[in-house]
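Student: Sharing a structure, written as structure tokens. Questions coming.
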Amino acid sequence: MFSWFDKNQRWLKKGLKQSKNKKFRDYLLTGLPDINKTVYDSAFFVLDFETTGLDVKKDHIISAGFTEIKYNRIVLRKSEHHIVTTNLKLKSENVGIHHLTDDVLSQGMQIKELIDYLLIKMAGKTIIAHFQNIEYNFIQQACQSLYGLPLPMVMLDTLQIEKRRLEKLNRYIHDNQLRLFNLRNDYNLPRYKAHNAMEDAISTAELFIAQVKKREIFSTQTRIKDWL
């Protein structure tokens, strides 16, 4: 955890020293969330990206969905879904999975517009994703491309939270058990359609709250740093 903390502090100082982009600087000036706060007292930003693939150097974000959690409740009025334009021609599997076509994407926002907007929305909050590698890596790639700097952030992964819980219980983890919709089933959460960014963000938010409730059977003082 200390290497994570040190890295983010270095990035924060470097960004404030080098960046002249107002939105990037405003995000940095807000500061990172206090990881010693309890989950109940913390603000969360739950994020999901749909992408053309998993390679951040070649693939693009084509939609983004998010919602927010405050006082262990989802703030549905803060939920949003945005289409992102790309100059990549979609493959048939992209259309089949995401139900987004080239025509739809052509009407979307530019990636810079999306990232600038996300910086405003994410500032001061702990970010949550399911299998965070996608959201984390694509944000970092975009920030390096747009601003020339990495983005310090506190990020929790509902997949890793569950993986660590099961490992502590010495439970065998079978194939696909940690997929979002399989975990939702384990927590008796309703089934939603997959591969819509906003629905996936809300699904992840519901899973996180269920994980918190399961943990707080044993402790009502769960802090952010307990999940890192």
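Quick note: the coordinates plus some simple rules give every number you see, no bench work behind them. This one's a predicted model, so the numbers in the text were calculated from it and none came from an experiment. Ideal geometry is used to build each Cβ from the backbone, glycine not excepted, and the neighbour counts take in all protein chains shown.
Student: For the stretch 166-228 and the stretch 130-145, compute the distance between their C-alpha centroids and round to whole Å.
Tutor: Cα centroid of the stretch 166-228 versus Cα centroid of the stretch 130-145: 21 Å apart.
Student: Quick one: putting +1 on the C-beta of Lys and Arg, -1 on the C-beta of Asp and Glu, what dipole do you get for the stretch 100-228 around its Cα centre, in Debye to the nearest 20?
Tutor: The dipole magnitude comes to about 700 debye.
Student: Then there's this: With 10 angstrom as the radius, rank T86, T67 by how many other C-beta atoms surround their C-beta, starting from the fewest.
Tutor: T86, T67
Student: Which percentage, to the nearest 5, of the DSSP beta bridges contained in the stretch 2-226 is antiparallel?
Tutor: Expressed as a percentage, antiparallel bridges in the stretch 2-226 total about 70.
Student: Treating cross-link reach as a plain straight distance, find the lysines whose alpha-carbon is under 23 Å from the alpha-carbon of K14, omitting any fewer than eight places away in the same chain.
Tutor: Straight-line reach from K14, under 23 Å: K22, K23, K112, K121, K125.
Student: Plugging the Kirkwood radius over Cα pairs into Stokes-Einstein for the stretch 100-167, at a temperature of 10 °C and a viscosity of 1.306 mPa s, what D comes out in µm²/s?
Tutor: Estimated via Stokes-Einstein, D reaches 116 µm²/s.
Student: Nearest 500 deg cm²/dmol is fine: what mean residue ellipticity at 222 nm does the chain get from its DSSP H runs of n ≥ 4 alone, each adding -39,500 (n - 2.57), divided by its residue count?
Tutor: Rounded to the nearest 500, it is -13500 deg cm²/dmol.
Student: Do the alpha carbons of any pairs in K70/K225; K163/K214; K57/K193; K37/K225 sit beyond 19 Å of each other, and which pairs?
Tutor: The pairs that break the limit, which is 19 Å between Cα atoms, are K57/K193.
Student: Hey, fewest Cβ within 10 Å first, where do L228, L28 land in order?
Tutor: L228, L28
Student: Just how large is the dipole of the chain about the Cα centre, in debye to the nearest 20, putting +1 at every Lys and Arg Cβ and -1 at every Asp and Glu Cβ?
Tutor: 840
Student: Could you sort the peptides 42-55, 133-146 by per-residue average Cβ neighbour count (10 Å cutoff), highest mean leading?
Tutor: Result, highest mean Cβ count within 10 Å first: 42-55, 133-146.
Student: Between D226 and N176, what is the spin-label point distance in nm, taking each point 7 Å from the Cα along the Cα→C-beta axis?
Tutor: About 3.3 nm separates the two model spin labels.
Student: Under a point spin-label approximation (7 Å from Cα along Cα-to-Cβ), what is the E216-K22 distance to one decimal in nm?
Tutor: Here the modelled spin labels are 3.9 nm apart.
Student: Of S145, N185, Y172, which is farthest along the charge dipole of the stretch 137-228 in the positive direction, counting Lys and Arg as +1 and Asp and Glu as -1 at C-beta?
Tutor: Y172
Student: OK, next. At 4 °C and a viscosity of 1.567 mPa s, what translational diffusion coefficient does Stokes-Einstein give for the chain, taking Rh as the Kirkwood radius over Cα pairs? Give it in µm²/s as a whole number.
Tutor: Estimated diffusion coefficient is 71 µm²/s.
Student: Which of K22, K121 comes first, and how do the rest follow, when ranked by fewest Cβ neighbours within 10 Å?
Tutor: K22, K121
Student: Another question, then. Using a simple spin-label model with points 7 Å from Cα along the Cα→Cβ vector, what separation in nm is obtained for N185 and S3?
Tutor: So the label points at N185 and S3 sit 3.6 nm apart.
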